[in-house]
Amino acid sequence: MNTQRTIDAVDLSIMWNRLISITDEGAAALVRTSFSTLVREGYDLTVLIFDAAGRMIAQSAKCIPVFIGTAPTTLSHMLRKYPADTLVPGDVVISNDPMYGTGHMFDLAVMRPIFDNELLVGFSMGITHLPDIGGMGFSVSATEIYHEGLRLPICKLYKAGMLDHDVIELIELNVRVPEQVTGDIFASVSCTEVVARHVLEFMREYQLDSLTELADAILTSTDDAVRSALRAMPDGVFRNEVQVEALGEVRKLVCAINKTGDTIEVDFEGTGPCVGAGINVPFPYTRAMVLYAIKCLTSPNIPNNEGAMRAIEVKAPLGSILNAIPPSPSAGRHAIGHFIFPLITDTLAEIVPDRVAASSGLLDIVTLQGFRRDGSPMAATYFCAGGFGGAEGLDGHPTLPGSSNMGRTPIEVFEPLTGLTVLEKSLRPDSGGPGRYPGGAGQTIVMRNDTGYPMRVYAMANRTLFPADGVFEGKAGAVREHWVDGEKMSGQGAYTLAPGQHLKLLQPGGGGFGDPALRTSAQIEQDIERGFLTPEGAKSLYSHAG
Amino acid sequence: MYGMRLGVDIGGTFTDFAMADANRGWTAVHKRLTTPDEPSRAVIEGVRAICSENTIAIPDLAEIVHGTTLITNALIERRGARTGMLVTKGFRDTFDIGQEQRYDLYDLRIQFAPPLVERRCRAEVIERLDHEGNVLVELDEDDLRTSIVRLVEDEKIEALAICFLHSYANPQHESRAAEIARELYPNLFVSTSADVFPYAREYERWTTTCANAYSQPMVDAYLRKLEDGLAAIGFTGNLSIIASGGGLMSPSMARRYPVRLLESGPAAGVIMAARIAEELKIDGLIAFDLGGTTAKGALVRNGEPFKKYTFEAAHAYKHKTGSGLQLQIPVIDMAEIGSGGGSIAGVDELGLIRVGPRSASSSPGPACYGLGGEYATLTDANLTLGYLDAGFFLGGKMKLEPTLASEAIEGVIGQKLGMELLRAAWGIHDIANEDISRAFRMHATERGFDYRRSTMVATGGGGPIHAARIARKLKVPRVIYPAGAGVMSAFGMLLGAASFEVVRSHSQPLETLEPSKLGDLLADAADEVRKHLLTAGIAAEAIELDCRLDMRYRGQGYDIEVRLPMHLSLEEQLKVLPALFEEAYREVFHTTLEQPLEITGLKAEARAPKPGFMTLGGRADATPESALKGTRKAYFPLAGRIVDCPVYDRYLLRPGETVDGPCLVEERESTCLLDFGDRGTVDTYGNLVAEIGV
């Protein structure tokens, strides 16, 4: 069908925008009522619309990268089990299978077919990170997927509008906070209903009998835009690898990127096997991270939909740490998965030098357990960021998270929560990778256990062995270090912080961009002034006389 | 207590004046060019002009209410004072470390607003409190003195921000430091974080405190010039400045808290909308304003505008949320989107038309201004579609050039997409409407506000052209067009009342909260807010007090605001709190939990009585001649074509008269557009009230 004839740029802008607006509105309603802090503060959710053929045409704009491209896979598995022609109005299908979804079981997908009278016109879906899914909780401690909680088969939560109470009871019996978990599930269910209703109203307003023609136009324009961005990049095969810490082991992530004409293929052949901890990455997550990286480099402003993925193919060897299959656990798949983004951008740096940033220092995640001064039990997770990588014409920003994006907890909120006293939170000079545009500085955080009780510290740090590398002759940043008083601790493991002891977290710098010899004296002086370099560091890292 | 009053709003291009005498329901307006080099000059000249035009003696003016974008511009252009900062040892780099979160996940080149205080002007101070306000490390006064002397003598600071950890729980160290600074340098402007906004969250509180100190010297100088100038022409009344939260502040409050003057202009339109809601008993209302660079929407429930206590000023990167300065001030909660009259239209990488957020501003402005602007803007589209009268823009003060508008649209959109002119112009207009609708839907949904059952009030120069169509997209059934939409920011101020609000952190499990403790907390906050109003000359018995608690289920990360029933005793208030909380919680979550409650904060606001409601319209004495001016060719897609659209003179429409869409209703600074199926009726206040067709 020739879509250009009937839908012009004005219609397409308005109708496309409206569909995205419907998903945004659905997501906003879900965020507002969600019991999960990750959903509330990190937008760990998404809402989507598909056409009758199961093609994803609109996705809420604000969501974390893991949801890029995963939902179409989820829907196709749902439709394999419950073919579209067997669905009836009022059906609601759910799944939290990490293999078909986003790589861990916290994310529950809720799907509803949209019927215009008896005619199936599309699907609405909401996916949110539940407050709990049983098992060992949100940690990397599992050694098998069975430890990680409730893995539901794809099933119907509602059949023709009738709730399956057994499914709800099954979930309630398996989670720690059943009220909150079912609260979030029903919020997703009503979200899909509202989205479906708005889609039907939209179709009536624009007198559409089906979404197919509009979907064709949306997907074609998107695909065209992505391909034209790809065509503008030089062809070639680009290879790269990176070593990562994997709980006492080291794993190599290997990738080959083949960019030909208007397509790109990313193959992780050669990547090492899974490990016995919940940091293995199921394939949908790997693919989402690749799509995210390529989107940043080619077409950051294009809305997410299935058209944006047609020109991009992703492969990873089955059973590798980037294509984990049960029984390998994966609750903390982000710990390894976050390295995919810098691996892709570093690999493509030579053909899009002006669009990449060097690797960043990434996030530090420390979980603390013990008691507050008043004896009440305490558990808290502390996030802090290393420096961001330098880029063409742009110094790396200090202390800015890469790949993932959890924000800081203010000290004035953190202290009453934990009973720790933070004595210092300052820039870590000389930690940014030297470069013409240096990597951003990391930070030094010192906290004292003032609770009067011993405190357990669970560290999930990376970059303690392998720093953020520079690009184009830029140098690597400093590595991450954890200290208790005078003793250096392992970055990945558990230890005790006795009352009065100091925990010191040294956050890594970002990688530098370009030859440090090209950094001017004036710039180096300013780096000293701004606390990014010490005079000694300027001398040793830049041979700056001062 | 409210006699002859004058509202003055300094905009980028014009300074607007609106005068009202509540006793006899009389109003007048005046408009003149802003004098950017010295804004107070246009104010003084305008006061003199509007008084003489209306034969009012300046000494008869009881009050002048004033709104200014001085602080907003100073933060954007970085024109404030050289400012120093004293900060708890260990935390000098708080601003450089920042929020540790990216506001755009897809852009690897995002940038953040540089700190207002250079790192060399920040000095660490030996002192430390815990979150309960206990002293962990005593304030080292010698060390403090040395730092202050260095900042003033070597760094030449003019203002000082004192920012210590947990000072919201105990202001003692900050106060002592301020005392020492004032002893050493009596002319130094000093702001302490516990005074500016005593709320936990050091990064935002300190940013706010620095912004406050940074603005103090210029606000002081500006107000002095204004006060002197007004005194010189014989003004003896009250001078008030409208604050971001919608309340009026005295000059001394403004000097102490200049950061609260941010965003004062837009607040006035919302005040007008809120007063309409109150007067017409409308429970849910959307206040919509479309100006030169942005469109804004605010929600009003039962006459109270939604407020928030965080505000981002001076975006530093591509107009993006997250790139600006993160401040804590009471502010009317507005959705803002880069779709204004000057917003530039273009074709994006998907081959779609986009409008804004880049703006041609007022200079060179839209192509049709004929000032050399080449961009096709929303105003160019509205002119091409026939919605604006080229000869009657701003009441004929400015001539528009339709050919320049068409050429710009042809060049930027038409040729690129092979689209005929009218279709392209319609695309710009409709896409702006869709973008605004989308922003409002999100804003309302995030706040649990049912916009489909609400009423819209349209103000701003461009609001009335777009309101009916946006309402239609949102399924909002009714739009109210107050008269004088284009001068509403000056007039709305006259409907506001003096008020002052404080927000304080206080965390405590509800079951351990004794009535006496609650009493102390309330009394303490109430004393502070009342004090500001008493000092401004408001009689004690006239001050009304509004107190709210932030509450949550213990362990949840989300606060719910609960208004205290102040007519009850403290014991009874505590007794009903759980039920009030559950009611508010149920509205958000549709359920309640079996968990203990805690309070996390306290808000107290003192308010003076509001002036009587009045409008700029309602000329019952209008001559009975027909308001129909004639017709103009305008594009109405619901008719599928250009129609001969009736054009009415707003000033000749009498209460009770109705007009049917499609039609245009013109006044000097704005035009109301009603579409097919819409029907407008003039009410007794002179508002045009349109029922929107479906």
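The values are calculated or read from the model by the stated rules, or taken from the named source; none is laboratory data. Bear in mind the structure is a predicted one, so any value in this text is a computation, not a measurement. Positions of Cβ are backbone-derived with ideal geometry, glycine not excepted, and every protein chain shown enters the neighbour counts.
A few remarks follow.
- Among the residues listed as B:ARG145, B:ARG120, B:ARG109, the single one being facing chain A (nearest Cβ under 10 Å) and either among the β-branched types (Val, Ile, Thr) or outside any loop (DSSP other than H, G, I, E, B) (or both): B:ARG120
- Condition met for B:LYS308 (out of contact with any Ser or Thr (no Cβ under 9 Å at 6 or more places or on another chain), at pLDDT below 95 and buried (at least 24 other Cβ atoms within 10 Å of the Cβ)): no
- Just one of the listed residues (A:ALA494, A:ALA441) is among the aliphatic types (A, V, I, L, M) and under 29 Å from B:ARG122 (Cβ atoms), and it is A:ALA441.
Yes/no matrix, rows are residues, columns are (1) closer than 20 Å to B:ALA335 by Cα; (2) touching a Phe, Trp or Tyr at 6+ places or on another chain (Cβ under 8 Å); (3) without any contact (Cβ under 8 Å) to a residue 24 or more places away in the chain; (4) not in a helix (DSSP H, G or I):
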residue: B:LEU400; (1), (2), (3), (4): no, yes, no, yes
residue: B:ILE431; (1), (2), (3), (4): yes, no, no, no
residue: B:GLU434; (1), (2), (3), (4): yes, no, no, no
residue: B:MET442; (1), (2), (3), (4): yes, no, no, no
residue: B:GLY448; (1), (2), (3), (4): yes, no, no, yes
residue: B:ALA458; (1), (2), (3), (4): yes, yes, no, yes
residue: B:ILE465; (1), (2), (3), (4): yes, yes, no, no
residue: B:VAL479; (1), (2), (3), (4): yes, no, no, yes
residue: B:PHE491; (1), (2), (3), (4): no, no, no, no
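- Residue in segment B:507-523 that is within 14 Å of B:ALA606 (Cβ to Cβ), among the aliphatic types (A, V, I, L, M) and touching a Cys at 6+ places or on another chain (Cβ under 7 Å) present: yes
- Filtered residue count, segment B:210-236, keeping only those that are outside any helix (DSSP H, G or I) and buried (at least 24 other Cβ atoms within 10 Å of the Cβ): 0
- Checking B:GLU541, B:GLU583 one by one, the residue that is of a type in the set (D, E, K, R) and either within 30 Å of B:SER250 (Cα to Cα) or within 14 Å of chain A (Cβ to nearest Cβ) (or both) is B:GLU541 and no other.
- From A:GLY276, A:GLY319, residue being away from chain B (no Cβ under 14 Å) and at positive phi: A:GLY319
- Residues of segment A:426-445 classified as among the aliphatic types (A, V, I, L, M) and more than 13 Å from chain B (Cβ to nearest Cβ), total: 0
Residue-by-condition table, conditions (1) of a type in the set (S, T, N, Q); (2) under 14 Å from B:ASN433 (Cα atoms); (3) part of a strand (DSSP E or B):
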residue: B:GLN326; (1), (2), (3): yes, no, yes
residue: B:LEU350; (1), (2), (3): no, no, no
residue: B:GLY356; (1), (2), (3): no, yes, yes
residue: B:SER362; (1), (2), (3): yes, no, no
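- Filter pass, A:LEU157 being outside any loop (DSSP other than H, G, I, E, B), out of contact with any Asp or Glu (no Cβ under 7 Å at 6 or more places or on another chain), over 27 Å from A:MET309 (Cβ atoms) and at pLDDT 95 or above: no
- Of all the listed residues (B:GLY486, B:GLY395), the sole one being surrounded by fewer than 22 Cβ atoms within 10 Å (Cβ to Cβ), closer than 30 Å to B:ALA18 by Cα and in contact (Cβ under 8 Å) with a residue 60 or more places away in the chain is B:GLY395.
- From the options A:ARG176, A:ARG204, A:ARG227, A:ARG197, residue that is in a loop (DSSP other than H, G, I, E, B), within 13 Å of chain B (Cβ to nearest Cβ) and either at pLDDT 95 or above or more than 23 Å from the chain's Cα centre (by Cα) (or both): A:ARG176
- On inspection, A:VAL446 qualifies as modelled with pLDDT of 95 or more and either among the acidic types (Asp, Glu) or not in a loop (DSSP other than H, G, I, E, B) (or both).
- Taken over segment A:70-104, the criterion of being touching a helix residue (DSSP H, G or I) at 6+ places or on another chain (Cβ under 6 Å), closer than 26 Å to A:GLY137 by Cα and not polar (S, T, N, Q) is satisfied by A:VAL93, A:TYR100, A:GLY101, A:GLY103.
- Helices (runs of 4 or more DSSP H) wholly inside segment A:1-67 containing at least 3 residues that are among the charged types (D, E, K, R): A:9-33
- Pick from segment B:92-107, criterion over 21 Å from A:ASP527 (Cβ atoms) and not charged (D, E, K, R), ranking: surrounded by the most Cβ atoms within 10 Å (Cβ to Cβ): B:LEU105
- Filter result for the condition that a residue is part of a loop (DSSP other than H, G, I, E, B) and polar (S, T, N, Q), over A:THR143, A:THR128: A:THR143
- Selected residue [in a loop (DSSP other than H, G, I, E, B), modelled with pLDDT of 90 or more and not small (Gly, Ala, Ser)] from B:PRO646, B:PRO609: B:PRO609
- Hits in segment B:423-452 (condition: farther than 17 Å from B:ARG472 by Cα and in contact with a Ser or Thr (Cβ under 6 Å, 6 or more places away or on another chain)): B:ALA425
- Some residue of segment A:36-47 being more than 11 Å from chain B (Cβ to nearest Cβ) and over 19 Å from A:PRO113 (Cα atoms): yes
- In segment A:520-546, the residues that are assigned by TED's automatic domain parsing to the domain that holds A:HIS397 and assigned to a loop (DSSP other than H, G, I, E, B) reach residues that are surrounded by 13 or more Cβ atoms within 10 Å (Cβ to Cβ) and β-branched (Val, Ile, Thr) with C-beta atoms within less than 9 angstrom, at least six apart or across chains, in these pairs: A:LEU533/A:ILE524; A:THR534/A:ILE528; A:HIS544/A:ILE524; A:HIS544/A:ILE528; A:GLY546/A:ILE524; A:GLY546/A:ILE528.
- Qualifying residue in segment B:341-348 (condition: modelled with pLDDT under 90 and surrounded by fewer than 20 Cβ atoms within 10 Å (Cβ to Cβ)): no
- Qualifying residue in segment B:192-200 (condition: within 14 Å of chain A (Cβ to nearest Cβ), crowded, with 19+ Cβ neighbours inside 10 Å and without any contact (Cβ under 8 Å) to a residue 60 or more places away in the chain): yes
- Number of the condition not met by A:GLY103 [criteria: (1) in contact with a strand residue (DSSP E or B) (Cβ under 6 Å, 6 or more places away or on another chain); (2) crowded, with 22+ Cβ neighbours inside 10 Å; (3) away from every other protein chain (no Cβ under 12 Å)]: (1)
- A count restricted to segment A:373-413 and to residues that are more than 9 Å from every other protein chain (Cβ to nearest Cβ), touching a helix residue (DSSP H, G or I) at 6+ places or on another chain (Cβ under 8 Å) and of a type outside the set (S, T, N, Q) stands at 3.
- B:THR321 vs. criteria among the polar types (S, T, N, Q), more than 30 Å from B:GLN415 (Cα to Cα), modelled with pLDDT of 90 or more and not assigned by TED's automatic domain parsing to the domain that holds B:ILE242: no
- Residue in segment B:532-540 that is under 19 Å from B:PRO596 (Cα atoms) and in a helix (DSSP H, G or I) present: no
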